[in-house]
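Read-outs: derived from the displayed coordinates by stated rules, not from any lab. Please read all numbers here as calculations on a predicted model, not as lab measurements. Note: ideal-geometry Cβ built from the backbone for every residue, glycine included; neighbour counts use all protein chains shown.
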Amino acid sequence: MNPATFLRTIGPEDWNVAYVEPSRRPTDGRYGDNPNRLYQHHQYQVIMKPMPDDVQEVYLESLKTLGINPLEHDIRFVEDNWEAPTLGAWGLGWEVWLDGMEVTQYTYFQQVGGLECSPISVELTYGLERLASYIQEKENVFDLEYVEGVSYEAIFKQPEVEHSKYTFEVLDADLLFGFFDQYESEARRCLEHELVFPAYDYILKCSHTFNQLDAAGAISVSERAAYLARVRKLSHQVAAIFLEKRRQLGFPLMKDQNTAKRLVKEMEKQL
Amino acid sequence: MNTYLLEIGLEEMPAQMILPAVQQLADSIQSTCQKNKLSLEKLETYSTPRRLAVLVSGLPDKQEDQNLEIKGPPLTIAKEENGDWSKAAQGFAKKNQVSETELFVQKFKNQDFVFARKEIQGKATSLVFKEHLKDWIIALSFPRNMRWGTYKLKYIRPIRWLLSLWNDQTLPISLEMVQSGNFSYGHRFLNPEPINLPHAQQYLTVLDSVKVNPDFENRKSVIVEQVKSLENQHGFLVTMEKDLLNEVSNLVEWPTVLLGRFDEDFLELPSEVLVMTMAKHQRYFPVYDKNNSLLPFFVTVRNGDSQHADLVIHGNEKVIRARLNDARFFFQEDQKHDLSFFTEKSNQVVFFQKRGSIAQRMARIQSLSLAIANHLRLDKKQIDTVNRIAELCKFDLQSQMVAEFPALQGTMGEHYARLKGENEIVCQGIREHYHPRFAQDTLPQHIECLVVALADKWDMLATAFSLKIRPTGTADPYALRRTAQGIVQILNQSKLELSIQEWTRRAAETLNSQQKLNLDLHEITTALDQFFELRQRFFMQEAGIRYDVIEALMKGKTLLPHQQKTLAGFVRQHLESPAFKLAVEAIVRAVNISKSQSATDLEKIDEKALSLSEEEELWKQVKPLVHSDLDLEQYLPTLINLEPAITAFFDKVMVMDKNPVKRQNRLYICQTLALWSSRYMDLSSLVFSKET
């Protein structure tokens, strides 16, 4: 989870961003053999805080911009709640279906880093490969045209094969368990110095290492919970420190600075 | 008469929460009307994914007026000597907001009291409603709530509009994010603009004009009708599973049924995989021919009308093709390997920490299965089959297909084993060893499969309890209750001669020695015995067995579950008979007397010292019971036959005689009776009503 999502959805400050995020899921690695399953795919992620009241309409307008006219299709909001247990984050929302295909994960964040969100952010994550395969009428993700004259396969097949081979055959679990411990302790050291962004980088490394080990089948059911809890604990800490540091800065990203001042004082009293 | 309409407009709600929510809303309105003595003719509920609505008709203009006579202080203190109203009377009038001229005197229980006459005017119904509107909306409770924007309210999904109409007037409600109005919204895409409602009674017509069908049952029947016409047109059968049909009906506001197809080649996939992909992932209905074989079609329900249906079908076909390609990929990949590849792989997957790998778990299931099979004296061929089932029972957990569709565990194992030429009972056993998965589920068909099903469950329970994992309250993440219930169900229905305590202990021992754990076996088996006892009690309760009978059977402890159930059946036939009651009382007397003596005093009987005819007669009848076999059918008749002799014995014979030999003999007879009887049940737990 990008720090621009995880950290910035914490606290009262205004925040509107959109970016392309390469999203890695080691368990979905298929050596580039599967037409739809990828070790790494791409999401267009949007965060709006606070969320506008008409966000659903805004979202549907964005589909129109992509050439998808709702009157010619069947667009549905089907319940799908989202949770990131390592990050102490969850939200309610939907997967958006376009003629039966999930093209977007749409979530109203309720908690991040174990903190109640206020105000609530909306997160829209457009599945770019899915949308592209729809628009380009392609069955196999590797047949997509990435940009004019360049195929998806020419770029991404090799890393898919290599990452899969590494994760399922080559990965040295003992070494990665060691990495996990090291990243964790470095994250903790960063937190002791209240260095939020470096700490979060190490938390992400922990999280990815865990995902790799998990995909390699090196983590048992009962160990799983313990590893998740270790990363979650760091996430809770980094979230709390981030919020406090933003308070100390006077919540500079708030458009309404009077409210910012009031909140700074109110939170100070609670400390 | 008046009509009131409330519609809460929301962003799309989860399908299964819609109907309970609208029912709650209706209940709140109904209860407000009752509490305020407002009659109503009709209360209708409407709902779609985007709205919860209640339409109340036949409402009066106002509550009825009431003429009240309110009792005040006694006359003795209500008037001054000069006849004026006293302070007490004035205070009473003031409190009830009536003028002193409206006070009068009336007798109450032979004493004069001051009364006030008061007329209470009924409130306008719309006013009563206005006071409750907000509560009706806010009080709805949902399994999971959310906040949105900057608002405080927690609700199922964001509220976007409120329609609140008293006949043709807006009845105002103000929430932090929205005010009520006299407009609704039509279908999200077909009629996105707000639509005015001239009168509450026109709800259905107006919504129909903007392509919204808010009547759940009607929407469902529209879907069923459209599906039927497809069936007639094409001569095939569409299976609409009840839950899926309800869910689909709650995913749309304006349903249009569409037929799509997929490549015939995909039919080579097991039908369970195809149905799972269609029904669970895509909410499609599968299509069959007259012989119940899947056809390469699917039925989907669009939220909208039929324009551009071809595009929508095309899109859905593309999705199902991609999904089935995925599934086929897994199916083909899995088949590239021998079954031993997967069992080998199980070595690397930890079951529970310090409790070994999945492969080791299978080894334990195997050794327990073989022990059970030997105990049940299965023949050589059967034992070989048991062995093979146990060896393979969890291999498919390592297959790609089960990783993708966990619900297909067992089912994929069966298919893959058959493709590799395993024998038919083995294939079935791999699927069926998970049975019974719920209360009404079928048992494994063959004895070989039953044995492995039991071993699997016993190992799971022993493992969990050895790690102190126990269900608490509603939390039972490893489904241990269901697992134990499965064993109880199997033993009850199959009537296998297996003792729960015995095999619980064997399962714990197997785990202990395989993992070299040094467990406190006594603690684990005691906890498991208690756990099983609760499950057995539950099982008997569900079977409608009376509470005291369950208690009596459970205290007996020696009977197997199916024997308990059989005996419960016999007891039920006798519960009302006076002879049975007398017999139970007689035996309980013997049980109580023998309980008061420690067992070591009572080892033998001196038959020569039996002097009274009643004790001789009773001993004659009791003696054959000493080493008798368990005979459920004869237990109650024997009990009843014994009764006259026992009663005569207690009438005529002094058990606690001064002579120690006589006393010893008589206690011995009582104790023998008690021991015999308690092998079946604890009769003293039975409760008889006084009349019988």
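Treating cross-link reach as a plain straight distance, find the aspartates and glutamates whose alpha-carbon is under 17 Å from the alpha-carbon of B:LYS118, omitting any fewer than eight places away in the same chain.
Cα-Cα hits under 17 Å: B:GLU64, B:ASP65, B:GLU69, B:GLU100, B:GLU102.
Taking square-rooted eigenvalues a ≥ b ≥ c of the alpha carbon gyration tensor, is the protein assembly as shown rounded, prolate or oblate, where a/c under 1.5 means rounded and, failing that, a/b exceeding b/c means prolate?
Note, shape of the protein assembly as shown comes out oblate.
What do you get for Rg/Rh over region B:537-692 if you use C-alpha atoms and the Kirkwood form of Rh?
0.99
Quick one: compute the contact order of region B:13-110, relative version, from alpha carbon pairs under 8 angstrom and 6+ residues apart, as a percent.
Relative contact order comes out at 18 percent.
How big is the Kirkwood radius of region B:245-314, worked out from every pair of different alpha carbons and given in Å to one decimal?
Working: mean 1/r = 0.0776 Å⁻¹.
It works out to 12.9 Å.
What are the ³J(HN,Hα) values, in whole Hz, obtained from phi via the Karplus relation 6.51 cos²θ - 1.76 cosθ + 1.60 with θ = phi - 60°, for each residue of region B:623-639 in sequence order, with x given for Gly and Pro?
For region B:623-639, the Karplus curve yields 3, x, 7, 3, 10, 6, 6, 5, 9, 4, 5, 8, 4, 5, x, 4, 4 Hz.
For chain A, modelled as a GNM with alpha-carbon contacts under 10 angstrom, which of A:LEU213, A:LEU171, A:LEU87 fluctuates the most?
The residue with the greatest mean-square fluctuation here is A:LEU171.
Can you compute 3J(HN,Hα) from phi for each residue in region B:324-334, using the Karplus curve 6.51 cos²θ - 1.76 cosθ + 1.60 with θ = phi - 60°, rounded to whole Hz and x for Gly and Pro?
Per-residue couplings from phi come out as 6, 4, 3, 4, 5, 4, 5, 4, 6, 4, 4 Hz.
How would region A:152-271 be classified by its alpha-carbon gyration tensor: rounded, prolate or oblate, with rounded meaning a/c under 1.5 and the a/b versus b/c comparison settling the rest?
Taking the square roots of the gyration eigenvalues as a ≥ b ≥ c, region A:152-271 is prolate.
What would the Debye formula give as log10 I(q)/I(0) at q = 0.11, 0.14, 0.15 Å⁻¹ for the alpha-carbon point model of region B:492-629, no solvent?
Reported log10 I(q)/I(0), two decimals: -0.65, -0.93, -1.00.
Largest first and to the nearest Å, give the Cα extent of region A:53-94 along each principal axis.
Result for region A:53-94: principal-axis Cα extents of 39, 19, 18 Å.
How big is the convex hull of the Cα atoms of region B:1-131, per residue, in Å³?
Normalising the Cα hull of region B:1-131 by residue number yields 141 Å³.
Residue-wise, which Karplus ³J(HN,Hα) couplings in Hz belong to region A:114-122, taking 6.51 cos²θ - 1.76 cosθ + 1.60, θ = phi - 60°, and x for glycine or proline?
x, 9, 5, 6, 7, x, 7, 9, 9
Find how much the distance from B:SER174 to B:LYS130 grows on full extension, using 0.36 nm per residue of separation minus their present alpha carbon separation; answer in nm with one decimal.
Here the answer is 14.8 nm.
List every residue whose amide H lies under 5 Å from the amide H of A:TYR31, counting only residues 5 or more places away in sequence or on a different chain, with H placed 1.01 Å from N in the peptide plane.
For A:TYR31, whose amide H was placed from the backbone, the distant partners under 5 Å are A:SER164.
Quick one: plug the Kirkwood hydrodynamic radius of region B:1-70 (C-alpha pairs) into Stokes-Einstein at 4 °C, 1.567 mPa s, and report D in µm²/s.
Values: Rh = 13.4 Å.
Answer, rounded: 96 µm²/s.
Report the calculated FRET efficiency for B:GLU69 and B:SER31 (r = Cβ-Cβ distance, R0 = 22 Å), to the nearest 0.05.
Working from the Cβ atoms, E equals 0.15.
For a quick size check, give me the Cα extents of chain A along its three principal axes, largest first, whole Å.
Reported extents, whole Å, longest axis first: 58, 52, 33.
Per 5 Å bin, what is the whole-percent P(r) computed from every C-alpha pair distance within region A:1-160?
For region A:1-160, the pair-distance distribution reads 2, 8, 16, 20, 19, 15, 12, 6, 2, 0.
Strictly greater than 15 Å: what percent of every Cα pair in region B:519-569 meets that?
Cα-Cα pairs in region B:519-569 separated by more than 15 Å: 44 percent.
Enter the mean projected area of the convex hull around the alpha-carbon atoms of region B:629-669, in nm², rounded to one decimal.
3.6 nm²
Work out how far the C-alpha atoms of region A:1-79 reach from end to end along every principal axis, then list the three figures in whole Å, largest first.
42, 38, 23
How far apart, in nm, are two points set 7 Å out from the Cα along the Cα-to-Cβ line at A:LYS245 and at B:THR558?
Between A:LYS245 and B:THR558, the simple spin-label model gives 7.4 nm.
Once you place label points 7 Å from the Cα toward the Cβ at B:ASN232 and B:ASP657, how far apart are they in nm?
A separation of 9.2 nm, rounded to one decimal place.
By its C-alpha gyration tensor, with a ≥ b ≥ c as the square roots of the eigenvalues, how is region B:651-692 shaped: rounded for a/c under 1.5, else prolate for a/b larger than b/c, else oblate?
oblate
Excluding residues on the same chain fewer than 8 positions from A:LYS138, give the lysines whose Cα lies under 21 Å from its Cα.
A:LYS64, A:LYS157, B:LYS318
For n ≥ 4 DSSP H runs only, could you compute -39500 (n - 2.57) per run for chain B, divide by its residues and tell me the 222 nm figure to the nearest 500? Don't jump to the answer; show the numbers that get you there.
Details: 25 runs with 337 residues, N = 692.
For chain B, the value works out to -15500 deg cm²/dmol.
Work out, in µm²/s and without decimals, the Stokes-Einstein translational diffusion coefficient of region B:455-519 at 10 °C, 1.306 mPa s, Rh from Kirkwood over C-alpha pairs.
Approximately 127 µm²/s, per Stokes-Einstein.
Shielding by partners for B:136-145, please: the mean number of other protein chain Cβ atoms within 10 Å of each residue's Cβ. Don't skip to the answer; put the middle values down first.
Details: counts 0, 0, 0, 0, 0, 0, 0, 0, 4, 2.
If you average over the peptide's residues, the count of other-chain Cβ atoms is 1.
Treating the Cα atoms of region B:76-192 as identical point scatterers in vacuum, please give the log10 of the normalised Debye intensity I(q)/I(0) at q = 0.12, 0.19, 0.23 Å⁻¹, two decimals.
Relative scattering, expressed as log10 I(q)/I(0), comes to -0.66, -1.06, -1.29.
Please compute, for peptide B:147-155, the average count of beta-carbon atoms on other protein chains lying within 10 Å of each residue's beta-carbon.
Taking the mean over all residues of the peptide, I get 5.
Against the empirical 2.2 N^0.38 Å scaling, what ratio does the C-alpha Rg of region B:322-449 come to?
Taking N as the residue count of region B:322-449, the ratio is 1.07.
From a point 7 Å beyond the Cα of B:SER513 in the direction of its Cβ, which residues of region B:342-359 have a backbone N at a distance under 13 Å?
none
Which entries of B:LYS604/B:LYS658; B:LYS37/B:LYS130; B:LYS211/B:LYS242 have Cα-Cα distances beyond 20 Å here?
Those over the limit are B:LYS211/B:LYS242.
Which distance in nm do the two modelled labels at A:ALA226 and A:ASN2 give, with both placed 7 Å along the Cα-to-Cβ direction?
3.6 nm
What's the FRET efficiency of B:GLU616 with B:ILE447 using the Cβ-Cβ distance as r and R₀ = 51 Å, to the nearest 0.05?
For R0 = 51 Å, the calculated efficiency reads 0.55.
What size of dipole, in debye to the nearest 20, comes out for the protein assembly as shown about its Cα centre when the only charges are +1 on Lys and Arg C-beta atoms and -1 on Asp and Glu C-beta atoms?
Using Cβ point charges on Lys, Arg, Asp and Glu, the protein assembly as shown gives about 2960 debye.
Across peptide B:7-15, what mean number of C-beta atoms from other chains lies inside 10 Å of a residue's C-beta?
Across the residues of B:7-15, the mean count of other-chain Cβ atoms within 10 Å is 3.
Given a Förster radius of 60 Å and the C-beta distance between A:GLU57 and B:SER577 as r, what FRET efficiency does 1/(1 + (r/R0)^6) yield to the nearest 0.05? It would help to have the intermediate numbers written out before the result.
Details: r = 75 Å, r/R0 = 1.25.
Computed FRET efficiency for A:GLU57 and B:SER577 comes out at 0.20.
Would you list the P(r) distribution for chain B, with all Cα-Cα distances sorted into 20 Å bins from 0 and each bin expressed as a whole %?
13, 26, 30, 21, 9, 0
Mind listing the long-range amide H neighbours of B:GLN353? Cut-off is under 5 Å, sequence gap 5 or more, other chains count too, H placed in the peptide plane at 1.01 Å from N.
Residues meeting the amide H criterion: A:SER222, A:GLU223.
When only C-alpha pairs under 8 Å and at least 6 residues apart count, what is the relative contact order of chain B, in percent?
7 percent
With viscosity set to 1.567 mPa s and temperature to 4 °C, compute the Stokes-Einstein D of region B:47-103, Rh being the Kirkwood radius across alpha carbon pairs; µm²/s, no decimals.
Roughly 84 µm²/s, to the nearest whole number.
Roughly what percent of Cα-Cα pairs across region A:116-196 reach past 20 Å?
65 percent
What number do you get for region A:81-219 when its Cα radius of gyration is normalised by 2.2 N^0.38 Å, N = residues?
On the way: Rg = 18.8 Å, N = 139, 2.2 N^0.38 = 14.3 Å.
With N residues counted in region A:81-219, Rg over 2.2 N^0.38 Å equals 1.31.
If you build a Gaussian network model of chain A, linking Cα atoms that sit under 10 Å apart, which residue out of A:SER207, A:SER62, A:SER23 swings the most?
Among A:SER207, A:SER62, A:SER23, the largest GNM mean-square fluctuation belongs to A:SER62.
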